[in-house]
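Shown next, in structure tokens, is the structure this report addresses.
The values are calculated or read from the model by the stated rules, or taken from the named source; none is laboratory data. Please read all numbers here as calculations on a predicted model, not as lab measurements. No Cβ is skipped: glycine too gets one built from the backbone with ideal geometry, and neighbour counts run over all protein chains shown. With ligands, DNA and RNA removed, areas are computed over all heavy atoms of the protein, side chains included. Shrake-Rupley method; radii C 1.70, N 1.55, O 1.52, S 1.80 Å.
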Amino acid sequence: SAFGTICGEACHVLKMHHDIEEGHMFPGLEGTALDGIRKVVARLKAEHLVIHELLVRLANAAHACAEDPTEARFDNLQAVYSRTFTQVRSHFRYEETELKEAIGVYLDGL
């Protein structure tokens, strides 16, 4: 379905975004002498693990619902989606708030 394709693409882009951060941005920030920045990066990395686990659960719930669209499976899909959305929104809000200045100072604005 179109929803499944759009959702799958969004999940793929989110994973790619996190991979780029962990491969390029975070190492540069971790190299600073500031303990506060390293703590922020550590938290963001831990959140990446949680988000990726939620994306796996979301994909599994979507596949289960597509194979056998029962009310219970739809309810589970909706719950996993809601939790994932909330976690991602919170993660981005924290990331943007805590790293905005650091990116400008230590990574030349990326």
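Assorted remarks:
- Residues in segment 65-79 include none that are without any contact (Cβ under 8 Å) to a residue 60 or more places away in the chain, open to solvent by 80 Å² or more (accessible area, probe 1.4 Å) and closer than 18 Å to Leu14 by Cβ.
- Taking the criterion of being under 26 Å from Phe92 (Cα atoms) and acidic (Asp, Glu), the residues of segment 39-74 that qualify are Glu47, Glu53.
- Options Ala61, Ala42; residue that is of a type in the set (Gly, Ala, Ser) and touching a Lys or Arg at 6+ places or on another chain (Cβ under 9 Å): Ala61
- Residue list for segment 42-64, filter: more than 19 Å from the chain's Cα centre (by Cα) and open to solvent by 70 Å² or more (accessible area, probe 1.4 Å): His63
- Flag if Lys39 is under 19 Å from Lys100 (Cβ atoms), surrounded by 12 or more Cβ atoms within 10 Å (Cβ to Cβ), at pLDDT 90 or above and not hydroxyl-bearing (Ser, Thr, Tyr): no
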